[in-house]
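The values are calculated or read from the model by the stated rules, or taken from the named source; none is laboratory data. None of the values given here were measured: they were computed from a predicted structure. Every residue, glycine among them, receives a Cβ derived from its backbone with ideal geometry; neighbour counts consider all protein chains shown.
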Amino acid sequence: MFILNPNKRESVAHLWLNGDTVCKLYSTSKMRKKKLKLSETTQGKKVCHMCQINNKKLKVPFVFDKEYEDDKNNYVSKFLTEG
Ligand SMILES: [Zn+2]
């Protein structure tokens, strides 16, 4: 599951798990919670990089859509191998 602001084009989708974003921004920052909606897909948005990195450590069995897979392949693997 993702949580995102469908009305803000340049925003990212966060991974949603157990009542918080995987990056913890939801509980630790002033995200505009009222504008965020849960979604089965990223709706074409990029996925929050901290969410991706944390998720790689947590190994949560998320089901990702194509945008996520593309973004992950482009970014996370590169980021993690480069340290
Ligand atoms: Zn996030």
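Points worth noting:
- Taking each residue of segment 1-28 that is over 14 Å from His49 (Cα atoms) and in contact (Cβ under 8 Å) with a residue 24 or more places away in the chain and looking for partners that are buried (at least 16 other Cβ atoms within 10 Å of the Cβ) and charged (D, E, K, R) with beta-carbon atoms closer than 8 Å, six or more apart or interchain, yields nothing.
- Residue match in segment 23-31 (condition: surrounded by fewer than 16 Cβ atoms within 10 Å (Cβ to Cβ) and away from the ligand (no atom under 13 Å from the Cβ)): yes
- A count restricted to segment 33-50 and to residues that are of a type in the set (A, V, I, L, M, F, W, C) and exposed (fewer than 11 other Cβ atoms within 10 Å of the Cβ) stands at 1.
- Total residues in segment 12-46, condition part of a loop (DSSP other than H, G, I, E, B), of a type in the set (A, V, I, L, M) and modelled with pLDDT under 90: 1
- If you go through segment 47-61 and keep only what is within 11 Å of the ligand (Cβ to nearest atom) and in contact with a strand residue (DSSP E or B) (Cβ under 7 Å, 6 or more places away or on another chain), you end up with Val47, Cys48, Cys51, Asn55.
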